[in-house]
Amino acid sequence: MRYLLPAMLVSVSLSMLTGCGDEPAAPVEAPVEEVSADGDEQKQVMRITGDLTYQARTALQPESQAVIELRYAASGETEPTSVLARQRIDLIGRNVPVHFILEVDPKELQRADAYQLRAVIMEGERATWLAEPVAIGPKAEEINLGELVLLPHREAAFSSIMSCGQAQISVGYEGDDLILEVADDEYVLLPVETHAGARFEAEGDPSTRFWSRGDSALLTLKGKAYPECVPPGALPKPFLAFGNEPSWHVRLENGELTLQRPDQDLEFTAPYQISDDNSEDVSVEITEEASEHRVRLTASRNICYDSMTGMAYPREITLVVDGEELEGCGGSPARLLQGVDWIVEDINGGGIIDGSRVEVVFSSNDRVAGQASCNNYSAEYELTGESLNVGNVITTKKACAPALMEQEQRFLDMLQRVQQFKFNEQGALMLLTPEGESLTARMQ
């Protein structure tokens, strides 16, 4: 399933998706094309298909329509010739998902990633559900975008969901201000000058800031730095992937893919293009035009355990090199730990005292901290390719009931001996010691 969100920091005019007010609605089976092909009755047609859905519990208003367009991204928003294809679908009496079809002459798509598919649900003159523009590259075959989930559009702002490690945040814009939602809290951030990107800070609190840099962003909330924020499903760069037996390594950075195959004495770098991108899977490939080697890498959003070390990684990788299929893992293990508070619910099978709180918070500055039952604690931690290691713990010096102090000591002793982590079938984090002891925690 693909979760599509409005592009950040772009004030998109909704008129680009509604066209002229008196334009008749095209039937579902006959998409409206904006491409001219005079004298070419046998032109080649590329079809772009997908299904729109939204998570709503309220009925749509009368005269609601879905509007789907393929546009030339570099054109001015007021240029009618920038629309290559458009379809309007009357939604009254229809159930989701709503299937759409756009048809366009592939000869019109001459520049990779210069074209965008956009979708919106209009209730009368008001946009209520909105999708982020989807980059469409030049292809001759049919493109199936799968299920596209539209998110609510607030009248005063476009909102985007981003993943910052395990945390999901919402970013919206009201005028020049940024509206940031993290968990159940909302923050209003004001624009500040910056040398690159767009930066916002909470008024009177520079320790809460959001710095957008293209498709990614940096978030610090009340002094707590989060891992790099990216759209759901996107790959933070640089992205590293690897496999064993045979050994291989891939690095994605600055639009290039570097592949190393020690068993074949092979190493090369070539430009790649994204061939498929949704909230669950991302595929990139090197075409024959870019290299003598044909490479396709698919990163699936499933936890992957290294077959040699047992280390957990956020992506399962399928790599196809010149027809040979290889398996491996990819991404940073730290993104599985950072961005949220982990609430401990069990200490080595003994549970925890009712009403007590034990937490583990992995920060992006290589420190782990939280409440240990009675006292707060802090320590350094290190993630290597083989293990998770927690350093010596420092704590505050409060005194509590004997049972809480005993629980705290057991927790801290075990935490400092942790060397591995994994996730159980219910998605709980398990911190493991070499002796087989475990701390079980759930994401808050």
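I need a count of the residues in the range 219-245 that are open to solvent by 60 Å² or more (accessible area, probe 1.4 Å) and over 16 Å from residue 332 (Cβ atoms).
Total satisfying the criteria: 2.
With respect to residue 380, is the statement that it is within 32 Å of the chain's Cα centre (by Cα), of a type in the set (Asp, Glu) and at pLDDT 95 or above true? If you could, list the steps in order and put the result at the bottom.
Values: within 32 Å of the chain's Cα centre (by Cα): yes; of a type in the set (Asp, Glu): yes; at pLDDT 95 or above: yes.
Criteria met by residue 380.
Which one is farthest from residue 212 (Cα to Cα) among residues in the range 133-160 that are of a type in the set (S, T, N, Q) and modelled with pLDDT of 75 or more?
So in the range 133-160, the residues of a type in the set (S, T, N, Q) come out as 144, 159-160.
Now narrow it down to the ones that are modelled with pLDDT of 75 or more: 144, 160.
Details: 144: 30, 160: 12 Å.
Across the range 133-160, the extreme among qualifying residues is 144.
Taking the condition of being in a strand (DSSP E or B) and surrounded by 12 or more Cβ atoms within 10 Å (Cβ to Cβ), how many residues in the range 186-206 meet it? Step through it out loud before you land on a result.
Step one: list which residues in the range 186-206 are in a strand (DSSP E or B), which gives 186-192, 198-202, 205-206.
If we keep only those that are surrounded by 12 or more Cβ atoms within 10 Å (Cβ to Cβ) too, we end up with 187-192, 198-202, 205.
Residues that pass the stated criteria total 12.
Step by step: first the residues of the range 116-132, then only those that are under 22 Å from the mean Cα position of the chain (by Cα), at pLDDT 80 or above and open to solvent by less than 30 Å² (accessible area, probe 1.4 Å), then the one that is nearest to residue 45 (Cα to Cα). Which residue is that? Show your work before the answer.
Filtering the range 116-132 for residues under 22 Å from the mean Cα position of the chain (by Cα) gives 116-120, 129-132.
Cutting the leftovers down to at pLDDT 80 or above gives us 116-120.
Okay, now just the ones that are also open to solvent by less than 30 Å² (accessible area, probe 1.4 Å), so 117-120.
Values: 117: 16, 118: 19, 119: 21, 120: 24 Å.
Filtering first and then ranking leaves 117.
All but one of (1) open to solvent by less than 60 Å² (accessible area, probe 1.4 Å); (2) small (Gly, Ala, Ser); (3) over 30 Å from residue 304 (Cβ atoms); (4) without any contact (Cβ under 8 Å) to a residue 40 or more places away in the chain hold for residue 216; state the number of the condition that does not hold.
The number of the failed condition is (3).
Here is a check on your reading of the model: is residue 221 touching a residue at least 24 places away in the same chain (Cβ under 8 Å) and within 16 Å of the chain's Cα centre (by Cα)? Spell out the reasoning first.
Values: touching a residue at least 24 places away in the same chain (Cβ under 8 Å): yes; within 16 Å of the chain's Cα centre (by Cα): no.
Taking the combined requirement at face value, the residue does not satisfy it.
Just give me the residues in the range 283-308 being closer than 17 Å to residue 384 by Cα and exposed (fewer than 14 other Cβ atoms within 10 Å of the Cβ), in sequence order.
307, 308
Strands (runs of 3 or more DSSP E) wholly in the range 404-444 with at least 3 residues that are open to solvent by less than 30 Å² (accessible area, probe 1.4 Å) - which ones? Lay out the reasoning, then the answer.
On the way: elements: 420-423, 429-432, 438-443.
The strands (runs of 3 or more DSSP E) meeting that bar are 438-443.
Which of the residues that make up the range 278-314 are in contact (Cβ under 8 Å) with a residue 40 or more places away in the chain and polar (S, T, N, Q)? Walk me through how you get there before you give the answer.
Going residue by residue through the range 278-314, those that are in contact (Cβ under 8 Å) with a residue 40 or more places away in the chain are 278-282, 297, 299, 301, 303, 305-312.
If the condition is that a residue be in contact (Cβ under 8 Å) with a residue 40 or more places away in the chain and polar (S, T, N, Q), then 278, 279, 307, 309 are the ones that fit.
Mind checking whether some residue in the range 228-242 is closer than 30 Å to residue 287 by Cβ and more than 20 Å from the chain's Cα centre (by Cα)? Can you show your working first?
Initially, the range 228-242 is screened for residues closer than 30 Å to residue 287 by Cβ, giving 228, 230-242.
Then drop every residue that is not more than 20 Å from the chain's Cα centre (by Cα), which leaves 242.
Checked against the condition, which is being closer than 30 Å to residue 287 by Cβ and more than 20 Å from the chain's Cα centre (by Cα), the range 228-242 yields at least one hit.
So which pairs qualify, if the first residue must be in the range 421-444 and without any contact (Cβ under 8 Å) to a residue 24 or more places away in the chain, the second must be surrounded by 13 or more Cβ atoms within 10 Å (Cβ to Cβ) and assigned to a loop (DSSP other than H, G, I, E, B), the Cβ gap must be under 6 Å, and the two must be at least 6 apart or on different chains?
As it stands, the answer is 433/417; 433/418; 434/419, since those pairs meet every condition given.
Taking residue 247 as meeting all but one of (1) of a type in the set (S, T, N, Q); (2) under 20 Å from residue 325 (Cβ atoms); (3) under 20 Å from the mean Cα position of the chain (by Cα), write down the number of the exception.
Answer for residue 247: the failing condition is (3).
Could you please give the count of residues in the range 329-373 that are outside any strand (DSSP E or B) and either surrounded by fewer than 21 Cβ atoms within 10 Å (Cβ to Cβ) or in contact with a Gly (Cβ under 9 Å, 6 or more places away or on another chain) (or both)? If you could, list the steps in order and put the result at the bottom.
So the first thing to find is which residues in the range 329-373 are outside any strand (DSSP E or B), and the list is 331-337, 339-341, 348-358, 363-366, 372-373.
In the following step, the residues that additionally are either surrounded by fewer than 21 Cβ atoms within 10 Å (Cβ to Cβ) or in contact with a Gly (Cβ under 9 Å, 6 or more places away or on another chain) (or both) were identified as 332-337, 339-341, 348-358, 363-366.
Counting residues in the range 329-373 that are outside any strand (DSSP E or B) and either surrounded by fewer than 21 Cβ atoms within 10 Å (Cβ to Cβ) or in contact with a Gly (Cβ under 9 Å, 6 or more places away or on another chain) (or both) gives 24.
Hey, could you check the range 316-325 for residues that are surrounded by fewer than 20 Cβ atoms within 10 Å (Cβ to Cβ) and of a type outside the set (D, E, K, R) and say which is farthest from residue 299 (Cα to Cα)?
Residues of the range 316-325 that are surrounded by fewer than 20 Cβ atoms within 10 Å (Cβ to Cβ), as a first pass: 318, 320-325.
Going one step further and asking which of them are of a type outside the set (D, E, K, R), we end up with 318, 320-321, 323.
Numbers: 318: 7, 320: 12, 321: 15, 323: 17 Å.
Once the filter is applied, the top-ranked residue is 323.
Among the residues of the range 384-400, what is the count of those that are within 25 Å of the chain's Cα centre (by Cα) and modelled with pLDDT of 95 or more?
1
The values are calculated or read from the model by the stated rules, or taken from the named source; none is laboratory data. Being a predicted model, the structure only gives us computed values, none of them experimental. Please note: Cβ atoms are built from the backbone with ideal geometry, for glycine as well, and neighbour counts cover all protein chains shown. These accessible areas exclude ligands, DNA and RNA; they are computed on the full protein's heavy atoms, side chains included. Shrake-Rupley method; radii C 1.70, N 1.55, O 1.52, S 1.80 Å.
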